[in-house]
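Report on the following structure.
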Amino acid sequence: MPRKVIVDCDPGHDDAVAIMLAAANPEVDLLAITTVAGNQTLDRTTLNARRVCTVAGIDGVPVAAGCDRPLLRELVTAGDVHGESGLDGVEWPEPRVPLEPGHAVDLMIDLVMGAPGEVTIVPIGPLTNVALALRREPRIAKAVREVVLMGGSFTRGNTTPAAEFNIHTDPEAAAVVFEAGWPLTMVGLDLTHQARVTPAVMDRIAALGTPLATVVMGMVRFYGGRVPSPEGPPLHDPCAVARVIDPAVMTCRDAFVAIETRGRWTSGMTVTDFSGRLGREPNVAVATELDAAAFWDLVLDALGRLGR
């Protein structure tokens, strides 16, 4: 039976591909796409989610807007990476997919509480919506099936030396999510940097020969120009969706993970203790190794399904 999934996102080039993967894979029943401010402002990330659904032909999945700022901090976006729109590099048509009335947090709570033990939340942006849902309805911590998030790192960050962007944007929200006591998987930079859009991967996308493949290539070229690497840019967010589809696509290790909220130089750091030095029980499954071939097979299969 397909896994019921909510994708909570801030599109974002890699978010866009994550949405496509979740919508197209037969192992996922995509219940909703909820948006949060992060890579760009909330109005832009929400518009981008609707644009992606329109271009990819994703119908019948509600798109709901959530929090427009972190819990306690000023919003700092990633326009230097994702551009002024958040999805630069492509000429997007006007979206045909409507915006769901009501707040994303309320929709998230209703979906989880309406199917106890069945819904997986996949946050791939700052964790503001998820933290607020926990605060509004603490019972979701026991009602959710699991949470699989893209964020953090057990080595180095990408926004500061210590912190990854999603966690750094709203560390107080991240602390709420990591302390909730629910089944939690952290798919961080150490894992996602193994998901490189290499020239060979780009050739596979081009070989699909569909309008959607052309859109994806345009996004990747722009994104790769902002985060240049000889290996190709890492495609972070689809990795979290891939973990839900096929847990065997990556190896995880249990660890205690705490979120640093006060450090002068380390705010947003995911302090990861694999060896029990802090004397705390593990609270997170931390992704460490990716089966890149299997991952790209999932992504290319999804793009092919949507492009038909």
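The values are calculated or read from the model by the stated rules, or taken from the named source; none is laboratory data. All values derive from a computational prediction rather than experimental measurement. Please note: Cβ atoms are built from the backbone with ideal geometry, for glycine as well, and neighbour counts cover all protein chains shown.
Mind listing whichever residues of the stretch 211-227 are farther than 17 Å from GLY79 by Cβ and either of a type in the set (D, E, K, R) or modelled with pLDDT under 95 (or both)? Passing the criteria: only ARG221.
Selection of first residues in the stretch 194-212 that are over 28 Å from PRO93 (Cβ atoms) and of second residues that are surrounded by fewer than 18 Cβ atoms within 10 Å (Cβ to Cβ), restricted to Cβ pairs under 6 Å at least 6 apart or on distinct chains, gives the following pairs, ordered by first then second residue: GLN194/ALA292; ARG196/GLU231. Would you point out the residue of the stretch 83-123, among those that are part of a strand (DSSP E or B) and touching an Asp or Glu at 6+ places or on another chain (Cβ under 6 Å), that is surrounded by the most Cβ atoms within 10 Å (Cβ to Cβ)? So the residue we want is PRO123.
Here ALA255 meets each of (1) at pLDDT 95 or above; (2) under 17 Å from ASN25 (Cα atoms) with one exception, condition (2). Exactly one residue out of ALA133, ALA143 is at pLDDT 95 or above and surrounded by fewer than 20 Cβ atoms within 10 Å (Cβ to Cβ): that is ALA143.
In the condition set (1) surrounded by fewer than 19 Cβ atoms within 10 Å (Cβ to Cβ); (2) in contact (Cβ under 8 Å) with a residue 60 or more places away in the chain; (3) assigned to a strand (DSSP E or B), ARG305 is compliant with all but (3).
In the stretch 146-158, which residues are of a type in the set (S, T, N, Q) and either crowded, with 16+ Cβ neighbours inside 10 Å or under 21 Å from GLU27 (Cβ atoms) (or both)? Across the stretch 146-158, the qualifying residues are SER153, ASN158. Take the conditions (1) free of Cβ contacts under 8 Å to residues at least 40 places away in the same chain; (2) part of a strand (DSSP E or B); MET186 misses just one of them, which is (1).
In the condition set (1) part of a loop (DSSP other than H, G, I, E, B); (2) touching a residue at least 40 places away in the same chain (Cβ under 8 Å); (3) more than 22 Å from PRO26 (Cα to Cα), GLY232 is compliant with all but (2).
Entry remark, the stretch 45-74: residues being touching a residue at least 24 places away in the same chain (Cβ under 8 Å) and assigned to a loop (DSSP other than H, G, I, E, B) number 13 in total.
Taking every residue in the stretch 91-108 that is within 18 Å of ALA56 (Cβ to Cβ) and at pLDDT 95 or above and pairing it with any residue that is surrounded by 17 or more Cβ atoms within 10 Å (Cβ to Cβ) and of a type in the set (Gly, Ala, Ser), at least 6 positions away or on another chain, the pairs with Cβ-Cβ distances below 7 Å are LEU99/ALA65; GLU100/ALA64.
Taking the stretch 242-294 as the region of interest, the strands (runs of 3 or more DSSP E) fully inside it that hold 1 or more residues being farther than 23 Å from THR159 by Cβ are 250-259, 284-290. Selection of the stretch 140-183 for residues being of a type in the set (Val, Ile, Thr), more than 15 Å from the chain's Cα centre (by Cα) and not in a helix (DSSP H, G or I) yields VAL144, THR155, THR159, THR160. Selection within the stretch 202-237: residues that are in contact with a strand residue (DSSP E or B) (Cβ under 8 Å, 6 or more places away or on another chain) and of a type in the set (Gly, Ala, Ser). The member of this set that is surrounded by the fewest Cβ atoms within 10 Å (Cβ to Cβ) is SER229. Answer yes or no: is there a residue in the stretch 255-269 that is in contact (Cβ under 8 Å) with a residue 24 or more places away in the chain, out of contact with any Asp or Glu (no Cβ under 9 Å at 6 or more places or on another chain), aliphatic (A, V, I, L, M) and over 18 Å from THR288 (Cα atoms). Looking for residues that are in contact (Cβ under 8 Å) with a residue 24 or more places away in the chain, out of contact with any Asp or Glu (no Cβ under 9 Å at 6 or more places or on another chain), aliphatic (A, V, I, L, M) and over 18 Å from THR288 (Cα atoms), one finds none in the stretch 255-269, hence no. Counting the residues of the stretch 124-139 that are of a type outside the set (Ser, Thr, Tyr), within 26 Å of ALA242 (Cβ to Cβ) and not in a loop (DSSP other than H, G, I, E, B) gives 5.
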